[in-house]
Amino acid sequence: MLNGEKILFSGMQATGNLTLGNYLGALKNWVQIADEYTTFYSVVDMHSITVRQDPAEFRKRARNLLTLYIAAGLDPEKNCIYYQSHVSGHAELAWVLNCFTYMGELNRMTQFKDKAAKHADNINAGLFTYPVLMAADILLYQADVVPVGIDQMQHLELCRDIAQRFNSIYGDVFTIPEAYLGKSGAKIMSLQDPSKKMSKSDENVNASIYLMDDPDSIIRKFKRAVTDSEAHICYRDEQPGIKNLLDIYCACTGKTPDEAVKEFENGGYGDFKLAVGETVVSVLRPLQEKYQELSKNKDYIDQVIKNNAEKANYYATKTLRKVHKKIGFPERIR
Ligand code: ATP
Ligand code: LTN
């Protein structure tokens with residue numbers, strides 16, 4: 001708790017361009033619940049170097065992502081929006097937590113297995129200990145809640161296990177965080193293969209709607225979305241393409257799948273796809289406009305970066321000092 005409010009932490013990587021999946025599954029929920037908590041929303045750039053990045057491109061993307069947090073509706077005066085790499089406490093706590101995490105636990109992480117298979121030429125130790133850094137992110141701010149997509153649940157469980165292990169040795173040092181799974185848009189699937197999640201690292205640009213896509217591209221991608229030959233709009237697992245489009249529509253409009261099916265069941269797939277595309281265009285338009293406006297205001301964004309890094313550092317240092325003391329590191333002489 002901080003100032004009588006529960007603490008919320010979440011983060012996103014600046015790898016690739018954000019997709020509608022990231023927005024409906026994460027960012028939109030962040031904005032909806034932000035007012036109820038003291039929040040820390042990080043651009044987790046240290047996580048991103050587990051995969052090789054082009055430095056100039058990487059720096060640009062990180063800034064774009066931070067700007068997008070604000071454009072999506074997170075007020076940086078109220079929400080601590082900052083770069084993970086600006087707070088050295090993340091790395092420091094990660095090292096400590098590494099010593100309280102077992103190889104066997106990390107070996108079970110499905111994201112590691114997936115990423116190792118994808119980047120077989122660069123299976124580095126950072127990729128393996130990625131979940132420990134994620135645990136450090138969360139525990140550093142004593143977060144009570146962590147909004148994540150379902151794909152991150154395994155990491156969050158590990159974070160809780162590490163925190164409980166540490167607390168059982170040293171007393172109540174860390175708050176044990178709870179996952180916060182958003183109601184809608186928990187998992188948006190690829191438009192080209194509805195058995196796969198929509199992902200910003202997908203090589204097929206038609207598989208994902210990017211938040212900065214122009215209206216024509218959005219409509220075109222929805223028109224090309226892979227569906228089925230049932231020619232009937234139903235919300236069921238046997239029609240994953242249609243189900244995904246209904247999920248997107250519901251996440252954008254707040255309607256239930258039943259309501260959406262009623263609206264479209266007498267029409268064809270073509271009209272339905274167009275309606276979903278138009279809805280997405282209207283949801284993304286204000287976000288894109290705000291983003292363009294903010295991007296022009298360099299001084300403002302710089303100020304946000306500076307102020308919030310200071311704020312995050314303040315809270316991070318508090319936890320770190322406590323951890324160091326409990327472990328038995330020598331006291332600092334002032
Ligand atoms: P990458 O392709 O680089 O692995 P990603 O698109 O899967 O990236 P992440 O950076 O791993 O995205 O995720 C950022 C946030 O967005 C997480 O909270 C994650 O759960 C959520 N998220 C990502 N993809 C989807 C999706 N398709 N549907 C819903 N939520 C998603
Ligand atoms: N691993 C997450 C990003 C992430 C995160 C976090 C999310 C890093 N640290 C802490 C929540 C809390 C991902 O790839 N989506």
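Among residues of the range 43-58 that are farther than 19 Å from D137 by Cβ, none has a Cβ under 6 angstrom from a residue that is of a type in the set (A, V, I, L, M) at a sequence gap of 6+ or on a separate chain. Just one of the listed residues (G11, G73) is within 12 Å of ligand 1 (Cβ to nearest atom), touching a residue at least 40 places away in the same chain (Cβ under 8 Å) and open to solvent by 10 Å² or more (accessible area, probe 1.4 Å), namely G11.
Among the residues of the range 159-177, those identified as farther than 17 Å from I327 by Cα and crowded, with 20+ Cβ neighbours inside 10 Å are C159, P177. Before we move on, is F272 open to solvent by 60 Å² or more (accessible area, probe 1.4 Å), of a type in the set (F, W, Y) and either more than 17 Å from D213 (Cβ to Cβ) or assigned to a helix (DSSP H, G or I) (or both)? No.
To keep it simple, each residue is scored yes or no on (1) over 15 Å from A309 (Cβ atoms); (2) assigned to a helix (DSSP H, G or I).
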position	(1), (2)
T15	yes, no
A34	yes, yes
M46	no, yes
R61	yes, yes
Y69	no, yes
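Taken together, the criteria exclude Y41 from residues that are assigned to a helix (DSSP H, G or I), closer than 24 Å to L181 by Cβ and aromatic (F, W, Y).
Every residue, every condition in (1) charged (D, E, K, R); (2) in a loop (DSSP other than H, G, I, E, B), yes or no:
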position	(1), (2)
K200	yes, yes
D216	yes, no
I219	no, no
D237	yes, yes
L245	no, no
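Please determine, by comparing only the residues of the range 178-194 that are of a type in the set (S, T, Y) and at pLDDT below 95, which one is surrounded by the fewest Cβ atoms within 10 Å (Cβ to Cβ). Here the answer is Y180. Summed over the range 314-326, the residues that are in contact with a helix residue (DSSP H, G or I) (Cβ under 7 Å, 6 or more places away or on another chain) and open to solvent by 30 Å² or more (accessible area, probe 1.4 Å) give a count of 2.
Looking across the range 207-241, the residues that are open to solvent by less than 30 Å² (accessible area, probe 1.4 Å) and among the polar types (S, T, N, Q) come down to S208, S217, Q239. On the basis of being assigned to a helix (DSSP H, G or I), among the β-branched types (V, I, T) and within 16 Å of ligand 2 (Cβ to nearest atom), does I169 make the cut? Answer is no for this residue. Only one entry of L284, L246 meets the criterion of being free of Cβ contacts under 8 Å to residues at least 40 places away in the same chain, among the aliphatic types (A, V, I, L, M) and open to solvent by less than 50 Å² (accessible area, probe 1.4 Å), and that entry is L246.
Do we have any residue at all in the range 87-109 that's aliphatic (A, V, I, L, M) and modelled with pLDDT under 95? So far as the range 87-109 goes, no, none of its residues is aliphatic (A, V, I, L, M) and modelled with pLDDT under 95. Pairing each residue of the range 203-217 that is closer than 13 Å to E278 by Cβ with any residue that is open to solvent by 60 Å² or more (accessible area, probe 1.4 Å), provided the two are 6+ apart or on different chains, yields C-beta distances under 8 Å for P215/R285.
Looking only at residues in the range 121-165 that are within 16 Å of ligand 1 (Cβ to nearest atom) and small (G, A, S), the one that is nearest to K187 (Cα to Cα) is G149. Scoring Y23 on the criteria (1) assigned to a helix (DSSP H, G or I); (2) among the aromatic types (F, W, Y); (3) under 14 Å from I305 (Cβ atoms) leaves a single failure, condition (3).
The values are calculated or read from the model by the stated rules, or taken from the named source; none is laboratory data. Everything numeric in this text was worked out from a predicted model, so none of it was measured. Note that we place each Cβ from the backbone using ideal geometry, even for glycine, and neighbour counts take in every protein chain shown. Keep in mind that these areas ignore ligands, DNA and RNA; they rest on the heavy atoms of the full protein, side chains included. Shrake-Rupley method; radii C 1.70, N 1.55, O 1.52, S 1.80 Å.
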